[in-house]
Structure formats: structure tokens, C-alpha cells
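**Student:** This structure is in C-alpha cells; I'll ask about it shortly.
The values are calculated or read from the model by the stated rules, or taken from the named source; none is laboratory data. Nothing here was measured: the structure is a model prediction, and the numbers come from that model. Please note: Cβ atoms are built from the backbone with ideal geometry, for glycine as well, and neighbour counts cover all protein chains shown.
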Amino acid sequence: MPRNASSRDSDTLGTVARAAVILRSLAEAEDDVSIKSLSDQLQLAPSTVHRLLHLLMEQGLVERGENGHRYHAGTEFFRLGALVVNKTRIPKLALPYMRAVVDKCDEFCMLTLYLPAERKTMIAQTVSSSHPLTYQSEKFRPTAVAWGARSRAILAHLPDAEVRSIFEEADVSPANGRELPPFDDFMGALADIRRKGYAYSVSQKLQGAVGIAAPLFGAQGSVFGSLNVTVPEFRWDEKRLAEVSGVLVEQARRLSGALGCRSAGGLYGTQQDNKGRA
């Protein structure tokens with residue numbers, strides 16, 4: 001092998017290793033990070049960090065923060081991570097609880113995860129019912145968190161500052177072009193979701209689709225996703241809301257407990273609301 005070819009291979013391996021270290025640092029960071037902090041942490045020259053970040057940005061694995069001088073993991077990085085996660089813990093653990101929902105309600109059930117760095121949600125697992133859907137729920141595609149029951153069940157349990165940012169960045173409804181209500185009214189709707197323990201929407205994310213969702217909580221009691229069903233509006237009877245929401249809340253509470261949330265029992269509203277009588 002020519003000597004210059006060996007040298008190029010060595011340089012490529014070095015670039016791959018340094019890029020992997022940067023991705024690991026971004027994944028473990030609690031907030032956006034600067035080039036200087038990465039340089040100090042990884043003992044790499046700032047110019048090297050800058051070059052690697054831009055290489056990773058070209059692939060969607062890294063994105064700039066709001067001020068343009070800090071960086072965080074990109075949407076593609078989260079998508080790839082979700083593809084791996086889908087083969088491991090949370091979606092696999094969720095399947096029995098999702099099947100219990102379908103067994104009791106006979107409606108299409110989804111597991112939705114929250115992507116905090118992107119402030120978006122993503123479907124990570126689905127279980128079909130005996131009723132075929134006329135539309136597809138695309139897995140692993142990040143979507144807006146401001147609309148739809150499966151997203152609002154999560155949004156209702158995020159910190160107020162994060163909700164404010166999501167509200168200010170939100171576009172109109174992808175289903176019908178409707179705008180969000182005034183912020184105080186929006187916060188009131190989220191408080192109602194917390195009180196009841198579930199979210200309910202009609203034609204918010206998809207025209208003609210009804211969504212019911214219950215939040216999911218991790219070991220520290222923080223929300224990370226939702227368990228939800230979707231039903232075509234043409235065959236939905238609102239009298240079923242008590243039944244379906246009750247099943248979802250029950251299975252979401254059980255799944256949260258299985259994932260280590262010790263306070264799961266107190267995070268789903270009152271028993272009266274969970275039965276749909278509030």
C-alpha cells in the first residue's frame with residue numbers, strides 16, 4: 001500500500017474518533033455547548049472542534065443553538081438514537097401496555113417520545129387494532145409539540161419556561177391552519193390536562209383524527225413521552241372518552257412505574273377526572 005494512502009486512512013480514523021467524542025459530549029451535555037468548552041473538555045484545538053462541528057452539521061447530527069455560537073445534538077442524531085432505542089428498552093417495555101390498551105379499546109395505539117433539544121415529539125412504537133386507519137402515523141419523524149393530544153399530554157408537564165418557548169415558536173395547526181389561543185388560555189388548557197390526567201384533541205395535528213393521550217414519566221418523575229390512541233372522527237363517539245382515557249391513564253401509570261417512576265400514582269389527576277366525569 002502506498003505510504004500516502006496509509007496516512008490518509010490514519011487521518012480519517014482520527015477524524016471519526018474525534019467526531020464520535022464530540023457527539024458523545026453533546027449527548028451528555030445538559031445544555032447547548034460552546035466551541036471553547038468543547039475544546040477545553042476534549043483537549044482539541046478550537047479550529048479542530050469548529051471543523052468537526054461543521055462536518056457533523058452537514059449530516060444533521062449537530063445544530064446551532066439560538067444565539068448561533070453554541071451547539072447541540074441535531075434532529076438526525078435523535079432520529080438515529082431513536083432507531084436504536086426502538087430495538088431496546090422503552091419501546092419493547094411499552095409493548096405489553098400498548099397491547100393492553102388495544103385489547104380493551106380496539107383502537108390504534110402509539111408510543112410518543114419527547115425530543116427536548118428539538119422541542120418536538122416523535123412516534124417510536126405502534127400497535128394496530130382491528131380497525132384499519134385511512135392515514136399513516138409515521139414513526140421516527142419529529143413533529144411539532146404544540147398540537148395534538150399525544151404532544152400536549154407531554155407539554156402539560158414541561159417547565160413553564162420551556163412551554164413559553166414552544167408557544168412562541170409554534171406554527172399554525174398542520175391540520176387546518178388554526179392559530180394557538182392566547183398564552184394564558186393555552187396555559188389554562190394545559191392545566192386542565194394535568195388535572196384530568198390525559199389530553200384530548202380533535203383535528204389538531206391531522207384533519208379528521210381524534211387523539212387521546214396520557215403522559216409517561218421516568219425515574220425522576222419528569223415527563224418523557226405519552227401513550228395515546230388515535231381514532232378517525234367519523235366513527236368516534238365522545239361517550240367513549242371516559243372509557244378510553246381511563247384505560248390509557250391506567251396503562252401509562254403502570255408503564256411509568258415499570259420504568260422506575262415511584263410517584264407515578266400521583267401524577268395522573270384525580271380518580272374522578274380519570275374516569276371522565278370531571
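**Student:** Cβ-Cβ below 8 Å, separation at least six or inter-chain, first residue in the range 32-49 and closer than 15 Å to Glu63 by Cα, second of a type in the set (Phe, Trp, Tyr) and at pLDDT below 90: which pairs?
**Tutor:** none
**Student:** Could you grab me the full set of residues in the range 97-120 that are in contact (Cβ under 8 Å) with a residue 12 or more places away in the chain and farther than 30 Å from Ser165 by Cα?
**Tutor:** Listed by number, the residues that qualify are Tyr97, Met98, Arg99, Ala100, Val101, Val102, Lys104, Cys105, Asp106, Glu107, Phe108.
**Student:** Ok, one more. Is the range 84-97 home to any residue that is in contact with a strand residue (DSSP E or B) (Cβ under 6 Å, 6 or more places away or on another chain) and modelled with pLDDT under 90?
**Tutor:** Yes, there is a match, as at least one residue in the range 84-97 is in contact with a strand residue (DSSP E or B) (Cβ under 6 Å, 6 or more places away or on another chain) and modelled with pLDDT under 90.
**Student:** Could you list, in sequence order, the residues of the range 200-254 that are among the acidic types (Asp, Glu) and closer than 23 Å to Gly177 by Cα?
**Tutor:** Listed by number, the list holds a single entry, Glu233.
**Student:** For Ile154, which of the numbered conditions (1) closer than 17 Å to Met122 by Cβ; (2) among the β-branched types (Val, Ile, Thr); (3) part of a strand (DSSP E or B) fails to hold?
**Tutor:** Just one mismatch for Ile154, condition (3).
**Student:** Residues that are farther than 30 Å from Gly246 by Cβ, part of a helix (DSSP H, G or I) and not assigned by TED's automatic domain parsing to the domain that holds Val145: does the range 57-74 have at least one?
**Tutor:** The answer is yes; a qualifying residue exists.
**Student:** Where in the range 179-278 are there strands (runs of 3 or more DSSP E), lying wholly inside it, with at least 1 residues that are hydroxyl-bearing (Ser, Thr, Tyr) and modelled with pLDDT of 95 or more?
**Tutor:** Ranges flagged: 199-202, 223-232.
**Student:** Taking the conditions exactly as written (modelled with pLDDT of 90 or more, within 28 Å of Met122 (Cβ to Cβ), of a type outside the set (A, V, I, L, M, F, W, C) and not in a helix (DSSP H, G or I)), does Glu30 satisfy them or not?
**Tutor:** Considered against the rule, which asks whether it is modelled with pLDDT of 90 or more, within 28 Å of Met122 (Cβ to Cβ), of a type outside the set (A, V, I, L, M, F, W, C) and not in a helix (DSSP H, G or I), Glu30 comes out as no.
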